[in-house]
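Enquirer: Before I ask anything, let me first share the structure, which is written out below as structure tokens.
Just so you know, all these numbers are worked out from the coordinates, no wet-lab data involved. The model shown is predicted, which means the values in this text are computed figures rather than measured ones. With ideal geometry, Cβ positions are generated from the backbone for all residues, glycine too; neighbour counts draw on all protein chains shown.
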Amino acid sequence: SNSFCTLLGIMADETFENVDAGASLTVPVQAGQLRKGDFVCINGFPCKVVDVSTSKTGKHGHAKANITALDVFTGKKYEEVAPTSHSLPAPVVKRSELMLIDVAEDGHLSLMDDANNTRDDLMLPNDQELADRIKAAFDEGKDVQIIVMSAMGKECVMDLKTAQ
């Protein structure tokens, strides 16, 4: 029976770690406090708020926030209506800049961070115009910094910077 307890302990530890990781993906934000440019999760997708309006509903009704936001990764539009006092999850969004080392034929990017760690798991973005700009800058031999945004456990190439 001893090994069974150990196994349960290990499983409990793993579950706890996963819960912990998930919790840190979002922070609560009050619907009434949201402003244009803020981040919020709608239907579980990390979005950037493009419009917020509040409406009073009836004599004894609570004010409602009408939120329009775009998915930070796909640009898809989402709308949410919530009481202004209501808490909504806001994604914890991180931006990082990585140096572009190589662009593979299949669109995989070789990137290096400040600590000289390389990674090859990110692709050229779906946004064709941005992908073309990245390839062109790289082909011209410029120093290219790739701006990567991460939210909700996903990462996406958002932009590039070139050294003048």
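Enquirer: With a cap of 10 neighbouring Cβ atoms within 10 Å, and only residues DSSP puts in a loop, list the GluC sites (Glu not before Pro) found in the stretch 80-157. Intermediate results must be reported in sequence, preceding the final value.
Expert: Details: sites: GLU80, GLU97, GLU105, GLU129, GLU140, GLU155; in loops: GLU105, GLU140.
Of the GluC sites (Glu not before Pro), the ones in loops of the stretch 80-157 whose Cβ has at most 10 other Cβ atoms within 10 Å are GLU105, GLU140.
Enquirer: Given Cβ point charges of +1 (Lys, Arg) and -1 (Asp, Glu) and nothing else, what value in debye, to the nearest 20, does the dipole of the stretch 69-164 about its Cα centre take? The partial results should precede the final answer.
Expert: On the way: 10 positive and 19 negative charges, 80 e Å.
My answer is approximately 380 debye.
Enquirer: How large are Rg and Dmax for the stretch 83-127 when only the alpha carbon atoms are used, in Å?
Expert: Final numbers for Rg and Dmax: 16.4, 50 Å.
Enquirer: To the nearest 0.05, what FRET efficiency results for MET112 and VAL27 with a Förster distance of 25 Å applied to their C-beta separation? Don't skip to the end; give the middle numbers.
Expert: Values: r = 30 Å, r/R0 = 1.19.
FRET efficiency, MET112 to VAL27: 0.25.
Enquirer: Right, another one. Work out how much length THR162 to SER85 would gain on full extension: take 0.36 nm times their residue separation and subtract the Cα-Cα distance, in nm to one decimal. It would help to have the intermediate numbers written out before the result.
Expert: On the way: separation 77, 0.36 × 77 = 27.72 nm, distance 4.33 nm.
Length difference between fully extended and current span is 23.4 nm.
Enquirer: Mind counting lysine pairs for me in the stretch 46-148? Cα separation below 17 Å, and the two need to be 8 or more apart along the chain or on different chains.
Expert: Values: LYS48/LYS76; LYS48/LYS77; LYS48/LYS94; LYS56/LYS64.
For the stretch 46-148, qualifying lysine pairs total 4.
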